[in-house]
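Below: the structure, in structure tokens.
The values are calculated or read from the model by the stated rules, or taken from the named source; none is laboratory data. All values derive from a computational prediction rather than experimental measurement. Note that we place each Cβ from the backbone using ideal geometry, even for glycine, and neighbour counts take in every protein chain shown.
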Ligand code: 3HC
Ligand code: NAI
């Protein structure tokens, strides 16, 4: 009966119509899927022999949401809300059979059904907020009717995925089906035949404590830090407490329609597709990664400990090697403390916690790593220390074992060259805290073999991280961009902006934390040591700002010493007149007449600086695409995702404006180098 192209097929199982959506890869609710579903419901209504309906999906998942590719294009009828209403209004019981992830519009289809059953391991959720929108097909109105306002606010504003145990508890699903899901759903549907369908939209939203709801809403607004969609999701959910379904649905749809054409939604869609693109690495597609079961970690300091925890959490066997027994004990305690915190915070159960700790072995001799498939070194950031270690590792590691360095700045090619296996060497640049931060820069050396790189990417995925492939240069993508932006901020200070003005402007723009506050938090001493180290080789014509050096000379290493760019009397960050005086002295010494920087000017300057460096990175082939650079900044450096990242935002501002700003900036910097070629091309 069905034409070959239709992604929705029907078959009968006795009196039950089984409707199967088959729209690879993730069964997105495209126009054809929506039409097919509507037709299926009509067919069920029209056929007296049909007494119930099951909606299921082929392939790896239930409907993963609306088709994001259709956003920003003219809507094609039938719209998802109409389809959802048709399902809910169906006179015959409709059961949704969920597997994989029922997300966004997919979950909304399920919420419109009269019952929901799920395979073990299924996740449901409303991730729309992460795309800068809110659910547009009844999610915010039906979810609170099933689960209550508090749970609905949490789920719709966070976008998190809810697994079956919790979904059962919250009443989001009615049963978990072990074994054949569709057969189970059909059996469930049979039990509903003859009864009145339980329509989610007809349920009354359970009463909630207004004070508690107010508190939840305030917490969401605070956490959103400039992103609109989470607060809008809360607003929509709260309407379910007061409005009849039809009015609530209309209000939800109006908010959805507003947001879907917003700049924030465009930026977040960019980030969504950028993440999928980042997985496609030139030269690695179709290359199989090497098997990974056992991973060695050398150095159990800040990074090594976090990395070891991340590995154990992903089910890998880990062996940590430290340089001596005392350092090993400190490292063991560090690792244990992270695992214990997760237990105390309720992020893991006792059994999992014990298993993870048991998966980690400790040694002081590198020979303990003979069976490792991959060894990650996280020892001191010193070329000679790392080179000596890699030579030793090369000797003890089995043939085919991969050697990875977590270096922040050092030359991965030069490190690979000290081994007999440069093709098996790469950089795995984790971010601190390594068990938490989502970004992983996978550094591809000149000699890195495709399957070595593929293994690094596969490890990233296994750890639940966002792996972005980068090439070898000083600081790779993230720290290189960071250096440029810090430098511009310091130049602006010298030119007349106060550090707190810069921090405030950038925080108001959505950055997690301004650059001076961050430096105070992280400590100024390491960068100071680095500056002293490279002072001799630096281009003498390059502009240097001496304020940070003077702060360090005065022992102001940041928060840990009670003072840095700011003062921290009784723990509170405050502008320090002493720092203001140092800055004034530096301006006088250089004969600079300070000028005002408006917040907008500060923001554009910083974005322009990053865009210029981003194009240099692209011109040099260090990153494969501009969107990879955006992902690094968004996931590792607090760039607001809803701004899309520096390259995306610069494009939004306009390449001509950005180029003009870069030219001004470079002129102020001695006028020694031209803007990046790629930027000039983009602006022409
Ligand atoms: N629309 C269009 N394409 C989608 C899509 C969607 N909703 N979800 C995933 N895709 C595409 C991806 O772009 C990718 O395409 P590619 O292979 O050409 O790069 C492909 O499907 C596979 O995606 P993943 O690589 O992400 O596959 P995973 O197995 O790792 O993850 C997933 C699967 C968990 C479903 C993940 O894709 C995901 O989270 N998708 C988005 C879910 C979402 O945000 N849904 C809400 C949409 S908005 C909405 O529904 C509005 C409604 O309220 C009206
Ligand atoms: P750390 O000083 O906290 O830890 C280094 C550890 O390595 C120490 O425990 C030390 O005992 C051990 N070690 C030194 N030489 C060793 C050897 N030969 N054999 C075995 N163990 C040895 O340093 P941290 O911060 O963990 O940094 C480690 C590496 O990670 C550096 O290359 C750093 O640049 C990089 N990195 C650091 C980040 C951070 O935020 N701290 C972020 C990303 C990368």
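Worth a mention:
- Check on residue 228, crowded, with 21+ Cβ neighbours inside 10 Å and at pLDDT 95 or above: no
- Summed over segment 108-117, residues that are touching a helix residue (DSSP H, G or I) at 6+ places or on another chain (Cβ under 8 Å), in contact (Cβ under 8 Å) with a residue 40 or more places away in the chain and crowded, with 24+ Cβ neighbours inside 10 Å total 6.
- Residues that are closer than 18 Å to residue 331 by Cβ and either assigned to a helix (DSSP H, G or I) or in contact with a strand residue (DSSP E or B) (Cβ under 7 Å, 6 or more places away or on another chain) (or both), drawn from segment 380-391: 385, 386, 389
- Within segment 175-196, being in contact with a helix residue (DSSP H, G or I) (Cβ under 8 Å, 6 or more places away or on another chain) and buried (at least 18 other Cβ atoms within 10 Å of the Cβ) holds for 176, 177.
- Residue in segment 636-656 that is in a helix (DSSP H, G or I) and touching a strand residue (DSSP E or B) at 6+ places or on another chain (Cβ under 8 Å) present: yes
- Only one of the listed residues (120, 74) is over 25 Å from residue 264 (Cβ atoms), without any contact (Cβ under 8 Å) to a residue 60 or more places away in the chain and surrounded by fewer than 24 Cβ atoms within 10 Å (Cβ to Cβ). That residue is 120.
- Conditions (1) within 31 Å of the chain's Cα centre (by Cα); (2) buried (at least 19 other Cβ atoms within 10 Å of the Cβ); number of the one not met by residue 513: (2)
- Residue list for segment 41-78, restricted to those being out of contact with any helix residue (DSSP H, G or I) (no Cβ under 7 Å at 6 or more places or on another chain), within 12 Å of ligand 1 (Cβ to nearest atom) and in a loop (DSSP other than H, G, I, E, B): 59, 60, 61, 67, 75
- Helices (runs of 4 or more DSSP H) contained in segment 287-379 and holding at least 2 residues touching a residue at least 60 places away in the same chain (Cβ under 8 Å), within 28 Å of the chain's Cα centre (by Cα) and more than 16 Å from ligand 1 (Cβ to nearest atom): 302-313
- Single match in 448, 364, 360, 407 (criterion: within 11 Å of ligand 2 (Cβ to nearest atom), under 25 Å from residue 466 (Cβ atoms) and in contact with a helix residue (DSSP H, G or I) (Cβ under 9 Å, 6 or more places away or on another chain)): 407
So that you can scan it fast, the table gives a plain yes or no per residue for (1) surrounded by fewer than 24 Cβ atoms within 10 Å (Cβ to Cβ); (2) within 16 Å of ligand 2 (Cβ to nearest atom):
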position: 293; (1), (2): yes, no
position: 302; (1), (2): yes, yes
position: 307; (1), (2): no, yes
position: 315; (1), (2): yes, no
position: 320; (1), (2): no, yes
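- Flag for residue 508 being touching a residue at least 12 places away in the same chain (Cβ under 8 Å) and within 32 Å of the chain's Cα centre (by Cα): yes
- Inspection of segment 483-503 identifies at least one residue that is within 24 Å of the chain's Cα centre (by Cα), over 30 Å from residue 427 (Cβ atoms), in a helix (DSSP H, G or I) and at pLDDT 95 or above.
- In segment 392-438, the residues that are out of contact with any strand residue (DSSP E or B) (no Cβ under 8 Å at 6 or more places or on another chain) and in contact (Cβ under 8 Å) with a residue 60 or more places away in the chain: 400, 409, 411, 432, 433, 434, 435, 436
- Candidates 656, 643, 652 - the one that is touching a residue at least 24 places away in the same chain (Cβ under 8 Å) and over 23 Å from residue 228 (Cα atoms): 656
- For residue 474, the conditions (1) within 15 Å of ligand 2 (Cβ to nearest atom); (2) under 30 Å from residue 592 (Cβ atoms); (3) at pLDDT 95 or above; (4) not in a helix (DSSP H, G or I) all hold with the exception of (3).
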